[in-house]
Every structure is written in C-alpha cells, then in structure tokens.
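Scroll down for the structure; my scribbles are underneath it.
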Number of protein chains: 2
Amino acid sequence: MKYIIPLFALVVMACNTTSQNADSNLTSTVEPITDPLPSWNEGANKEAIIQYVKTVTDKNSKDYIAPSDRTATFDNDGTLWSEQPLYFQLFFAIDRITELAPEHPEWESEEPFASVLNGDLNGALAGGEESIVQLVMATHSGMTSAQFNTIVSTWVDTATHPVSGKKYTNMVYQPMLELLEYLRANDFKTFIVSGGGIDFMRPWTESVYGIPSEQVVGSGLELSYQMTENGSVINRLPKIDFIDDKAGKPVGIQRHIGKKPIFAGGNSDGDLQMLQWTDSNEHLSFQLYIHHTDSVRETAYDRESPIGKLDKGWDEAVEKGWTIADMAEDWNTVWPE
Amino acid sequence: MKYIIPLFALVVMACNTTSQNADSNLTSTVEPITDPLPSWNEGANKEAIIQYVKTVTDKNSKDYIAPSDRTATFDNDGTLWSEQPLYFQLFFAIDRITELAPEHPEWESEEPFASVLNGDLNGALAGGEESIVQLVMATHSGMTSAQFNTIVSTWVDTATHPVSGKKYTNMVYQPMLELLEYLRANDFKTFIVSGGGIDFMRPWTESVYGIPSEQVVGSGLELSYQMTENGSVINRLPKIDFIDDKAGKPVGIQRHIGKKPIFAGGNSDGDLQMLQWTDSNEHLSFQLYIHHTDSVRETAYDRESPIGKLDKGWDEAVEKGWTIADMAEDWNTVWPE
C-alpha cells in the first residue's frame, strides 16, 4: 500500500497541472507524498527542519545559502547511534582486552584490566578518566593504521551489544539517517564531529551513514610515518593528539573543515560549543539537540547521566530557541528495519 | 578558429559512424579533439597520465578502482603554483611585517624584523628556521580565524609578486589546473597536502583550484575556542600544532582523509613520503614529480635549491619508475591566460 498511494497521487498530479498552477493550496496538500523524514512525526520540530532547508535552498529567499556553504556537522554517540549504558567504543575496548588477554598475563593482576577480565565494569571504570585512557591505549595503539582499520571492521561486523543483542551498527537512529540523506539531497555536505575516535568511526561511517572517511572528525592519537622493509606504514602511538569534545569541537571543525557549519546536531553538553559556533554563523543556521526521553524504545536520560549528560546545553537551547527533538514524541520509528 | 575545428570534426564524426566503427584508427585520429590536458605536450608523460586514468575508471579493467577510493593529493608550493625565489607565504609574512610595523616600534631594532623593514631579505632569513618561525608567528597568530581569513583574502586580491609583478594566484600552473579538472571529471576527489599553512591556503583554493577548504591539508597553529561578549571565536595561538611536510604528509593524509591516495603529485624531497605512501596502495597508483627545468618561462632548479629541493626524491622516482614531468619539455603553456 505504501507505494500504491504515492504512485496514484503522482498520476493525479501529472494529469492536473492546470488546476495545480491555478490553486497553490492543492500543491501543498499533495506535498506529504514526498515526505523526506517519514520517521519524524508531524509537529513543530519536523516542520522547523523542513522549513529551514526549504528557506536556505530557495534562491528567491533572502536567507538563501550557496551549496558550497551548506556544511552540516553531527555528533555521533547519542546523536546518530546509541551510547548507553556505555559508549560503544568502550565496549570495543573491553572486547579487545578480553581478546588480547592471553598475550598479557600481567593484566590478571593489573587494574583496570583485571576488573575487565573479571567482568566487573564498575571496577574497571572506578579509576575514571585515567582508567579509560589505559583501556584505550592498550587497545587502540601499538599497531599500524591499516591493522587498526581491520580490527575495527571485524569487530563491527561481528560484535553485539550486551543489552540489546543487536549489532552496534544496527543501533543507529533511523530518523537521523533520513535527516542526513535529506540534507545531502539538498546539497548539504554532512560531517561527523564526535568525541569518539576518528579512526574507530571511519571504517564504517560510509556504509552506515553515507559519510566518507574524509568527512569524519574525531579524537585521535599521535601517528608516525615509517618506511619499513615491508613498505610504508603509519604507526598509532600511545599518546593522545586531540580530544574532539566540548571546546575541541569548534577547533576540530576549523582544522578539518575550515568553514563554519550552518547546521549542527548533538545530544549532550559535549556538543554545546559546536552548536554555539554554528549559531554564530552569519548565515541563517540551525541547531538541533536530540533529547533522550524514550525509556521504552531506548533509554531516557539527560541532566544526571554520566554518559551523554544534557544539562547546560538544554538550558542554553531553551534560552536561544534551538530545536530540541523529543525522541519519544518526535520519532515514530527509532531503529532501522 | 579554436572552436570551429573541433565543431567541424564532430560533424564529420557524426556523419561517419559506419566508417569509424569499421576503422578504429580513424577514431584515435579524432581523439585529440577532446584532449583533457591541452597544455601538456604529447609524449610519454602525458600518455602515462591519461592511460592511468582510463585504466582505473574502466569497469572492465582488472585495475578498476571505485570512485570512493579515487583520492588524489597534490603538494601546493612548486606543484600547483610557483615557489621561487621564496615561498609565497613568506612574501605574505614580509608584506604583513611592513604593514604592521607602525604598531611595533620595537621591530626597528629587533631581528629578523629589522632586516625585513630594511628590505634585506638575506639578513631576515639569516637565522634560518628560527627566523622564519618568528616572522610566521608575528603575522599568522594573535587574531581570530575569521580575521586571518580576511587578511589573507585581502592580500591575495591585491599583492603582487616582486619579480613577475603578477598576482600570486596568477602564478599557478595551467597544466596542473587541467590535471585537477581532468581527475575530478573522472570522479577523483582532489586534495591539497602542503607544507604551507592550511589557513593561508583555504581562503582562495576553491576559486583558484576548485578545491574546497575541507579538502586542504597543511601545516597549522594551535587553535582555541572562546565564547566572548561578542560571540564565539576561534583564536590562533603562537604555537605550531602540525608541520605537514616530509613524514608529516602521510600523517596529515591519514588525519584528514583517512584513505590512502591512488594519485599523488609533488615537486620536492618534501613530497617523497607522500609519494611513497601512495605507492604502497594496494590499488594501481600514480606518482608524479614536477621537475622545474624551465629557466625561460619559470625557474630551473632541483638538487641544489634551498627552496623546493629535488634530490633524494628524484633518485627514488627514477628507481621506482615514477613519472617525472619536465616543465620545459612537457608543458606547452605554463601560466593561465
């Protein structure tokens, strides 16, 4: 049925060009046929997005923006895919620790590795940021960039989320996939600007989001080039080069893109500076916060959450009139089929 | 006349489809009509470029490469535009020192500034790298990214080269503009990967080379984001963040692009590692060195030049069979009209 109705309506449209031209109301009645955001419920937020895109792509509008300036940046964790109960990249690190344990007998008595191997996540993360850095370095450095790419690709193809049982790349948000596609169809260039690891995302962002590796901005380790007996390699060093979070996001945008976005989407306080930076664009800009309100289909969290905290950002969004999408209310579908 | 002959030939082609199909020699005689590289003389190097592009874009070839993997990276100084007798970015720094001098009376007695203000370039650069860093920091940091963009744009629009008297952006190489366009017409994504300043290049690369800011990789300063009373800004700090030269080029490519190029062009030893990295691609790849052999139309220099030295790179190119374009021999035109 889904296909029959639009097709029928299109035939009606094609046979009624005269009356359409004479009555613009008829045209707008027919419009929902080509709904670019079918997983978004009708309402103020969906309307705001569509109205914005129509305005800046309308050559007759005073707010028209040329395609070369249509830069859209999106956070990843909690904005394009889930992030609960832990960032998926941490699940990757934990899975790798388990896999690499036979080569590291010393981990049996060394924290945070010992807790990971005992399945005690709270214990593993008890050391806070320092523990996380240790887990990341042990699993993300000490190999070439090509080797890391293969490791991540294999994990993404096979690993499953401990709560949902789904593959991680199936835990992306269908409404956001539609939004990315809708923006690109209107000559926006879509980028990821995430606190997550740049080289952890790149192996799968093109197939999952349609975003190629050169349009991914993220946190990264120091790299070194080396000509070996077996050819050229890039080594991943155990030292953080850049944290693409909070005030790092506008910096990451300037470094990688060199243009101020006109559209930015995020879900946490870590995205606030990116939204502020976008809001300072001389062109008409759009700021979108995803508010995780859906405890049935996903997880409800905001001001008090250790992961993806939305507190200052929420207040500033309300104050500045940014769009706050309510997952429970605005999305009729959360996950891709 | 330029237009009349091809048009006439096309008419002949259209009226002779039978004989063309019967005689493939006739088709190849007609081919130069659509010469994608008219400023390149016929010869082995031009043929190698065209043959490479035809091969990797031919779906029936065993060496076919999908568009998403068609990444081409080019050095800027000496490869896309001139670099003699000094990198143009140093002329920019010198022009800025002169312009800023009234605000800095202390420069009258402080090197390297005093020498710049006395028009003594050799004196200004006598301190080597340290002097250059001082000149760069005094002129490239201490302002916002938006202010720096305006400063560079104004300079590019108005400044002229001290020897040629031309605007700097008129000192780009016509054959390379054609090559960039030819690659893009064949679904390559073209990037600049330069030792020059990333934010010095971005204000003009789109209009001059057709390369948008997000496809420019270069050296850069540390940046910081700040929310001020007048809104969000990014400040340019007086500290080098990254040098995109020599072994830094493959690292810059990995950071910004995340894919190994299949085509790379350079002109100096500073590009050698980028060419090696490209040469290690599992796909069929192409390495191009521009050899500055033309003392009449440009400047002839290679192994002994302090700027754009081509020595180790030349030897390795010969050893590995990379393409070495000879400016005097291969280019019938150097500058755009």
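The values are calculated or read from the model by the stated rules, or taken from the named source; none is laboratory data. From a predicted model like this one, the values you see are computed outputs, not experimental measurements. So basically every Cβ, Gly included, is an ideal-geometry build from the backbone, and we count neighbours across all protein chains shown.
So the values come out like this:
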item: Unmet criterion (only one of (1) surrounded by fewer than 15 Cβ atoms within 10 Å (Cβ to Cβ); (2) at pLDDT 95 or above; (3) among the aliphatic types (A, V, I, L, M)) for B:Ala126; result: (2)
item: Failed item in (1) under 17 Å from the mean Cα position of the chain (by Cα); (2) farther than 23 Å from B:Ile211 by Cβ, with B:Tyr87 passing the rest; result: (2)
item: Verdict on A:Arg303 being away from chain B (no Cβ under 14 Å), basic (Lys, Arg) and more than 22 Å from A:Glu178 (Cα to Cα); result: yes
item: Yes/no for B:Ala44 being free of Cβ contacts under 8 Å to residues at least 24 places away in the same chain, loosely packed, with under 15 Cβ neighbours inside 10 Å and either touching a Cys at 6+ places or on another chain (Cβ under 7 Å) or within 14 Å of another protein chain (Cβ to nearest Cβ) (or both); result: no
item: The listed residue being out of contact with any helix residue (DSSP H, G or I) (no Cβ under 6 Å at 6 or more places or on another chain), away from every other protein chain (no Cβ under 14 Å), touching a residue at least 12 places away in the same chain (Cβ under 8 Å) and of a type in the set (A, V, I, L, M), out of B:Ala146, B:Ala126; result: B:Ala126
item: Residue list for the range B:271-285, restricted to those being surrounded by fewer than 24 Cβ atoms within 10 Å (Cβ to Cβ) and either under 17 Å from B:Lys189 (Cα atoms) or more than 13 Å from chain A (Cβ to nearest Cβ) (or both); result: B:Asn281, B:His283, B:Leu284, B:Ser285
item: Per-region count, the range B:55-100, residues touching a helix residue (DSSP H, G or I) at 6+ places or on another chain (Cβ under 6 Å) and assigned to a helix (DSSP H, G or I); result: 7
item: Residue count, the range B:281-316 (criterion: outside any loop (DSSP other than H, G, I, E, B) and over 24 Å from A:Ser145 (Cα atoms)); result: 11
item: Some residue of the range A:219-228 being surrounded by 20 or more Cβ atoms within 10 Å (Cβ to Cβ), without any contact (Cβ under 8 Å) to a residue 24 or more places away in the chain and touching a Pro at 6+ places or on another chain (Cβ under 9 Å); result: yes
item: Members of the range A:240-280 that are touching a residue at least 24 places away in the same chain (Cβ under 8 Å) and either in a strand (DSSP E or B) or aromatic (Phe, Trp, Tyr) (or both); result: A:Ile240, A:Phe263, A:Ala264, A:Gly265, A:Gly266, A:Trp277
item: Given (1) of a type outside the set (Ser, Thr, Tyr); (2) in contact with a Pro (Cβ under 9 Å, 6 or more places away or on another chain); (3) buried (at least 22 other Cβ atoms within 10 Å of the Cβ), number of the condition B:Glu178 does not satisfy; result: (3)
item: Index of the failed condition, B:Ile253 passing every other in (1) over 17 Å from the mean Cα position of the chain (by Cα); (2) crowded, with 24+ Cβ neighbours inside 10 Å; result: (1)
item: Number of the condition not met by B:Asn186 [criteria: (1) within 26 Å of B:Trp331 (Cβ to Cβ); (2) in contact with a strand residue (DSSP E or B) (Cβ under 9 Å, 6 or more places away or on another chain); (3) not aliphatic (A, V, I, L, M)]; result: (2)
item: Qualifying positions in the range A:226-252 - more than 9 Å from every other protein chain (Cβ to nearest Cβ) and more than 18 Å from A:Gly308 (Cα to Cα); result: A:Thr228, A:Glu229, A:Asn230, A:Asn235, A:Arg236, A:Leu237, A:Pro238, A:Lys239, A:Ile240, A:Gly252
item: Residue ID - nearest to A:Pro336 (Cα to Cα), chosen from residues in the range A:196-225 that are facing chain B (nearest Cβ under 8 Å) and not in a helix (DSSP H, G or I); result: A:Pro212
item: Selected residue (criterion: surrounded by the fewest Cβ atoms within 10 Å (Cβ to Cβ)) from residues of the range A:181-195 that are more than 13 Å from chain B (Cβ to nearest Cβ) and in a strand (DSSP E or B); result: A:Gly195
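This table checks each residue for (1) farther than 30 Å from B:Gln215 by Cβ; (2) crowded, with 18+ Cβ neighbours inside 10 Å.
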site: A:Thr71; (1), (2): no, yes
site: A:Pro112; (1), (2): yes, yes
site: A:His161; (1), (2): yes, no
site: A:Tyr173; (1), (2): no, yes
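Condition check ((1) modelled with pLDDT under 95; (2) under 12 Å from A:Gly78 (Cβ atoms); (3) of a type outside the set (Val, Ile, Thr); (4) not assigned by TED's automatic domain parsing to the domain that holds A:Arg70) across all residues:
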| site | (1), (2), (3), (4) |
| --- | --- |
| A:Glu282 | no, no, yes, no |
| A:Ile290 | no, yes, no, no |
| A:Thr299 | no, yes, no, no |
| A:Asp315 | no, no, yes, no |
| A:Thr323 | no, no, no, no |
